[in-house]
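Notes follow the structure.
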Amino acid sequence: MPEHLPSNYRTLGVGWVIYGVIRLLVAVWLIGFSPTATVMFGALLTRVPDPYSLMSAFHLLYLLAIVWSFVAGLLGIAAGLSLLGGKAAGRLLGILAAFFSVTEIPLGITIGTYTLIVLLATRNHPSYLDSGRSA
């Protein structure tokens, strides 16, 4: 871990790695419970005029939730490792990960908001400007 990084960047890096692993576990959990969720949603559609289109919409939204969780997890891990390594891409990855994470209550909103406050406030931090030139 570079010693010239501010402590809040180290905190963000560790937080994003932990958050990314949690989001990947959530995505795997969603895949594992897909049959149960389908049966539970299908049980609600017994008195609906066109249950097949609603079931198709449910499958699409469920797939989007899984993909969103995978993307947020991978971005979180990449952002965390970049922030810990002091890479120039850490700021951009952190901001992207923050936007993808704010849909999850409460952990995603917490780390996403904190990340946006820290990383948008320090646009030209010298440690990131120097690390981009040396790479």
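The values are calculated or read from the model by the stated rules, or taken from the named source; none is laboratory data. Remember, it's a predicted structure, so these values are computed and weren't measured experimentally. Neighbour counts run over all protein chains shown; Cβ positions are idealised from the backbone, glycine included.
Check the stretch 33-47 and report whether any residue there is modelled with pLDDT under 95, of a type in the set (Phe, Trp, Tyr) and assigned to a helix (DSSP H, G or I). Yes, that holds for at least one residue.
Any chance the stretch 68-77 includes a residue that's free of Cβ contacts under 8 Å to residues at least 40 places away in the same chain and over 21 Å from residue 11 (Cα atoms)? Yes: one or more hits. Mind checking whether some residue in the stretch 66-74 is on the phi < 0 side of the Ramachandran plot, modelled with pLDDT under 95, aromatic (Phe, Trp, Tyr) and in a helix (DSSP H, G or I)? No, the conditions are met nowhere in the stretch 66-74.
When every residue of the stretch 35-45 is checked against the conditions, at least one turns out to be of a type in the set (A, V, I, L, M, F, W, C) and either touching a strand residue (DSSP E or B) at 6+ places or on another chain (Cβ under 7 Å) or in contact (Cβ under 8 Å) with a residue 24 or more places away in the chain (or both).
With respect to residue 9, is the statement that it is of a type in the set (Phe, Trp, Tyr) and in contact (Cβ under 8 Å) with a residue 40 or more places away in the chain true?
Working: of a type in the set (Phe, Trp, Tyr): yes; in contact (Cβ under 8 Å) with a residue 40 or more places away in the chain: yes.
For residue 9, the condition - of a type in the set (Phe, Trp, Tyr) and in contact (Cβ under 8 Å) with a residue 40 or more places away in the chain - is met.
Scanning the stretch 100-127 for residues being modelled with pLDDT of 90 or more, part of a helix (DSSP H, G or I) and surrounded by 14 or more Cβ atoms within 10 Å (Cβ to Cβ) gives a total of 11.
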